[in-house]
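The values are calculated or read from the model by the stated rules, or taken from the named source; none is laboratory data. Computed from a predicted structure; not experimentally measured. We place every Cβ from the backbone using ideal geometry, glycine too, and count neighbours over all the protein chains shown.
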Amino acid sequence: MDMLMFLIFAICILGFFLPSIRKKYDSSMWRLVYVAPLMLAVMISIFIEFNIGYAGMYLAVILMLLVLFTEKTALKKFITAAAAVSVMVSIICIMVLNMGAGVGYTKDFEDAFAVMKQHYVLTEEKAIDWDSLYAKYHPLFEKAEKENDGILNYKNWLQFTQEFYDGHVGYLVSDQRLGETADCEIFGNDYGLSLLRLTSGEYVAVNVEGSG
């Protein structure tokens, strides 16, 4: 999501300089530049719920669309500059102030839990006590959300899914770097000794440390 936000910002900057570019390379295709933020915002909205932290991004989308209805160069530059500032405010809110940067960990758990409780086919066979699981893990996800701790959220999911002793039940994190960091904290990052074969044909033992 962060990359899409920065891409919208870059498009707004391009929109600011576009009137000058069009003088050299005039084409109706340039109008797509002002529509592109809308398409990217739709992509972002598919994966997140509305949050006040994204308000600046949505405002920027509206501003960029307004440019299509004016031919005044000065007004176009003013609107696109305002759009760039607006989306930058959203980026600051999301990345610096942590205003809902996709950290709805509690609701994620509640939604997934409800689906699993309704559809998990081995509930009776494994005597799954859903109420006890909810009481145990809901506070943990609330803690992860309160502290905006993605690693704790990841750990909670690993622990929760292991309660089912089922190889078909697991959790994959979308942020690979976060997953690697969490795995190092959980399993350690000291990998001991590894053997390497030198070009001379000799073997050496190397103490391999993790990067976490």
Please go through the stretch 111-141 and pick out each residue that is surrounded by fewer than 14 Cβ atoms within 10 Å (Cβ to Cβ) and either within 23 Å of I186 (Cβ to Cβ) or in contact (Cβ under 8 Å) with a residue 12 or more places away in the chain (or both). L122, K126, K136, P139
What is the one condition in (1) modelled with pLDDT of 90 or more; (2) assigned by TED's automatic domain parsing to the domain that holds A10 that I91 does not satisfy? (1)
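What tally of residues in the stretch 22-55 results from selecting those that are of a type outside the set (A, V, I, L, M, F, W, C) and at pLDDT 90 or above?
Going residue by residue through the stretch 22-55, those that are of a type outside the set (A, V, I, L, M, F, W, C) are 22-28, 31, 34, 37, 45, 49, 51, 53-54.
Among the residues that remain, those that are also at pLDDT 90 or above are: 34, 37.
Qualifying residue count, the stretch 22-55: 2.
Could we say that S174 is within 23 Å of L40 (Cβ to Cβ) and outside any helix (DSSP H, G or I) here? Please lay out each step first, then the result.
Values: within 23 Å of L40 (Cβ to Cβ): yes; outside any helix (DSSP H, G or I): yes.
It is true that S174 is within 23 Å of L40 (Cβ to Cβ) and outside any helix (DSSP H, G or I).
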